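A quick write-up on the structure given underneath.
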Amino acid sequence: MLIKDTFKKLELTSSNLIYKSLIKKINILYLDIDMINISIPEFNSIPGSSLTYNYTFLIFTKISKPIRFSIVLDRNEEKEFIKLLKDYNLPHNISYYDNSYNYCD
């Protein structure tokens, strides 16, 4: 599965999670992942609204300090991504945040 944002990419392969941005490249083997915490916006956004619509990931690994990044997903990508996390038996925790307020994470 490959998810593309304006300047970011998030990919789940059969063995690793890959995140690329203009300044970061992260490649994590599933075996090294302890937990993936995902913050999901509670409300749907429409173009031009002031709703924050970033999905924030905080990944705890066995080999490095926690890794944090964010990316914009649509609801179908979110469902597919979560399904793949379950299919690959990756430990994850999902929390929803109120994105009706305009704040930075």
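The values are calculated or read from the model by the stated rules, or taken from the named source; none is laboratory data. Since the structure is predicted, the reported quantities are computational estimates derived from the model, not experimental observations. Ideal geometry is used to build each Cβ from the backbone, glycine not excepted, and the neighbour counts take in all protein chains shown. Just the protein is used for accessible areas: all its heavy atoms, side chains included, with ligands, DNA and RNA removed. Shrake-Rupley method; radii C 1.70, N 1.55, O 1.52, S 1.80 Å.
A few comments on the model shown:
- Checked across region 43-57, the condition of being touching a Leu at 6+ places or on another chain (Cβ under 9 Å), among the small types (G, A, S) and modelled with pLDDT of 85 or more holds for no residue.
- Within region 56-105, being among the aromatic types (F, W, Y), surrounded by 14 or more Cβ atoms within 10 Å (Cβ to Cβ) and touching an Asp or Glu at 6+ places or on another chain (Cβ under 9 Å) holds for F60, Y97.
- Near pairs, Cβ below 8 angstrom, 6+ apart or cross-chain, from region 71-84 (over 13 Å from S39 (Cα atoms)) to any residue that is open to solvent by 90 Å² or more (accessible area, probe 1.4 Å) and of a type outside the set (G, A, S): R75/N44
- Subset of region 15-45 (residues that are open to solvent by 40 Å² or more (accessible area, probe 1.4 Å) and either free of Cβ contacts under 8 Å to residues at least 40 places away in the same chain or of a type in the set (A, V, I, L, M, F, W, C) (or both)): S15, K20, L22, I23, K25, N27, L29, L31, M35, F43, N44
- Test: residue in region 77-90 that is at pLDDT below 90 and over 13 Å from the mean Cα position of the chain (by Cα): no
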